[in-house]
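**Q** I am attaching a structure below and will ask some questions about it afterwards.
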Amino acid sequence: MELDLRPVLDIGGLLVSSFVIHAGLAVATLLLLNPLLAKVGARRVIWNVPLAEFGLLVCLIGLYTLIL
C-alpha cells in the first residue's frame with residue numbers, strides 16, 4: 001500500500017502545509033460537534049472540558065491526516 005502524501009498544497013500560488021489544512025478541518029469539525037455534545041449532556045460527565053476538547057482535536061487531526 002503506497003500513500004500519496006502531499007506535504008505542501010498550492011492554493012492560488014500560495015504554498016500551504018497540508019497540516020494547516022488538516023488542523024483547520026479539525027477545528028471546523030470541533031466547532032460543529034460542540035453544540036451536539038452540549039445537547040447530549042456530555043459536558044456533565046467530562047471532568048476537564050478543555051483537555052477533552054484538545055484530545056478530540058488531536059484525534060481529529062490524526063484522522064484527517066490518515067484519510068486525506
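The values are calculated or read from the model by the stated rules, or taken from the named source; none is laboratory data. From a predicted model like this one, the values you see are computed outputs, not experimental measurements. When we count neighbours, we look across all protein chains shown, and the Cβ atoms used for this are built from the backbone with ideal geometry, even at glycine. When the accessible area is computed, the model is the full protein with side chains, heavy atoms only, and any ligands, DNA or RNA have been set aside. Shrake-Rupley method; radii C 1.70, N 1.55, O 1.52, S 1.80 Å.
**Q** Are there any pairs with C-beta distances below 7 angstrom linking a residue in segment 46-68 that is surrounded by 12 or more Cβ atoms within 10 Å (Cβ to Cβ) to a residue that is part of a loop (DSSP other than H, G, I, E, B) and of a type in the set (A, V, I, L, M), with the two at least 6 apart or on different chains, and if so which?
**A** Pairs that qualify, where the first residue is surrounded by 12 or more Cβ atoms within 10 Å (Cβ to Cβ) and the partner is part of a loop (DSSP other than H, G, I, E, B) and of a type in the set (A, V, I, L, M), are ALA52/ILE46.
**Q** Would you tally the residues in segment 25-40 being among the small types (Gly, Ala, Ser) and at pLDDT 90 or above?
**A** Qualifying residue count for the region: 2.
**Q** Then there is this: Of all the residues that make up segment 20-44, how many are open to solvent by 60 Å² or more (accessible area, probe 1.4 Å) and closer than 14 Å to LEU63 by Cβ?
**A** 2
**Q** Of these, LEU66, LEU9, which one is modelled with pLDDT under 95 and over 17 Å from the mean Cα position of the chain (by Cα)?
**A** LEU9 is the lone residue from the list that is modelled with pLDDT under 95 and over 17 Å from the mean Cα position of the chain (by Cα).
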